[in-house]
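The values are calculated or read from the model by the stated rules, or taken from the named source; none is laboratory data. Everything numeric in this text was worked out from a predicted model, so none of it was measured. Cβ placement follows ideal geometry from the backbone for every residue including glycine, while neighbour counts extend to all protein chains displayed. Surface accessibility is based on the protein's heavy atoms, side chains included, excluding ligands, DNA and RNA. Shrake-Rupley method; radii C 1.70, N 1.55, O 1.52, S 1.80 Å.
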Amino acid sequence: GPKVLQIPSHQIIDMGQMVTLNCDPVSNHLYFYWYKQILGQQMEFLVNFYNGKVMEKSKLFKDQFSVERPDGSYFTLKIQPTALEDSAVYFCASSWGDYAEQFFGPGTRLTVL
Amino acid sequence: QQQVRQSPQSLTVWEGETAILNCSYENSAFDYFPWYQQFPGEGPALLISILSVSNKKEDGRFTIFFNKREKKLSLHIADSQPGDSATYFCAASGTGYQNFYFGKGTSLTVIP
């Protein structure tokens, strides 16, 4: 089936540094999402993105977070600066329409030291 | 406030038994409930879903039972197989919501 790729699979950085998580969504999909999952907790919605704009974001999407998809390339989540509480697995998802099935990537495990 | 709750946290059944995974939700505006299956190292994948206008949805060995009044649903996996061993997430969404609220998941182990 359609696959969403995420790069890298693991990332370890020092607190205060910037990190960019990359997502290669399904090719014909138009809606893109980021979710955050802390170990042992539920996956929580961060943000969704359509037509070059953030459509909806949760309170977890702090000012230090930003998303973009320049020229149809990777859909990225940038955190600048990172904090210890940003350590989690970040899942990217994409769908062809709103309320349509979301296809998830395998996640990027981010560790902030 | 946790919008979606799942129980049990983990479940072990023998091959051939029926596994029952439970889910409840808070927001009566939710009307779409997908269940996702996740294997280690992979992202969640849609397994089966139900709309609140239905009280039952079947797809092969997987059945969702939905009780709108009690805001509860359950996923029944009949004739469980070792390959069904995974974590199952219940999620909820609704009109006006473009995102899903996920439960914490149930880790299912099927013993041969």
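Quick look at the numbers
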quantity	calculated
Of residues in the range A:1-16 being outside any loop (DSSP other than H, G, I, E, B) and away from every other protein chain (no Cβ under 14 Å), the one least open to solvent (accessible area, probe 1.4 Å)	A:Ile13
Selection status of A:Lys62, within 14 Å of chain B (Cβ to nearest Cβ), open to solvent by less than 60 Å² (accessible area, probe 1.4 Å) and in contact with a helix residue (DSSP H, G or I) (Cβ under 9 Å, 6 or more places away or on another chain)	no
Residue among B:Gln2, B:Gln37, B:Gln9 that alone is touching a helix residue (DSSP H, G or I) at 6+ places or on another chain (Cβ under 9 Å) and at negative phi	B:Gln37
Residue check for A:Glu68: open to solvent by 50 Å² or more (accessible area, probe 1.4 Å), within 17 Å of B:Phe100 (Cβ to Cβ) and under 12 Å from the mean Cα position of the chain (by Cα)	no
Residue within the range A:99-110 that is on the phi > 0 side of the Ramachandran plot and either open to solvent by 20 Å² or more (accessible area, probe 1.4 Å) or assigned to a strand (DSSP E or B) (or both) present	yes
Residues (over 14 Å from the mean Cα position of the chain (by Cα) and either among the aliphatic types (A, V, I, L, M) or within 24 Å of B:Ser107 (Cβ to Cβ) (or both)) located in the range A:29-54	A:Leu30, A:Leu39, A:Gly40, A:Gln41, A:Gln42
Filtered residues of the range A:76-91 (kept if among the hydrophobic types (A, V, I, L, M, F, W, C), more than 8 Å from every other protein chain (Cβ to nearest Cβ) and in a strand (DSSP E or B))	A:Leu77, A:Ile79, A:Ala88, A:Val89
Qualifying position, being under 17 Å from A:Gly52 (Cβ atoms) and either open to solvent by less than 10 Å² (accessible area, probe 1.4 Å) or in contact with a His (Cβ under 6 Å, 6 or more places away or on another chain) (or both), among A:Phe75, A:Phe91	A:Phe75
Matching option when the condition is of a type outside the set (S, T, N, Q) and within 12 Å of chain B (Cβ to nearest Cβ), among A:Val19, A:Val54	A:Val54
Whichever residue in the range B:85-111 is under 14 Å from the mean Cα position of the chain (by Cα) and part of a loop (DSSP other than H, G, I, E, B) and, among such residues, is nearest to B:Glu15 (Cα to Cα)	B:Ser85
Enumerated strands (runs of 3 or more DSSP E) restricted to the range B:7-84, each holding at least 2 residues that are open to solvent by less than 20 Å² (accessible area, probe 1.4 Å) and of a type in the set (Val, Ile, Thr)	B:45-51, B:62-67
Leading residue by the ranking (modelled with the lowest pLDDT) among those in the range B:43-69 that are out of contact with any strand residue (DSSP E or B) (no Cβ under 8 Å at 6 or more places or on another chain) and within 24 Å of B:Gln3 (Cβ to Cβ)	B:Val53
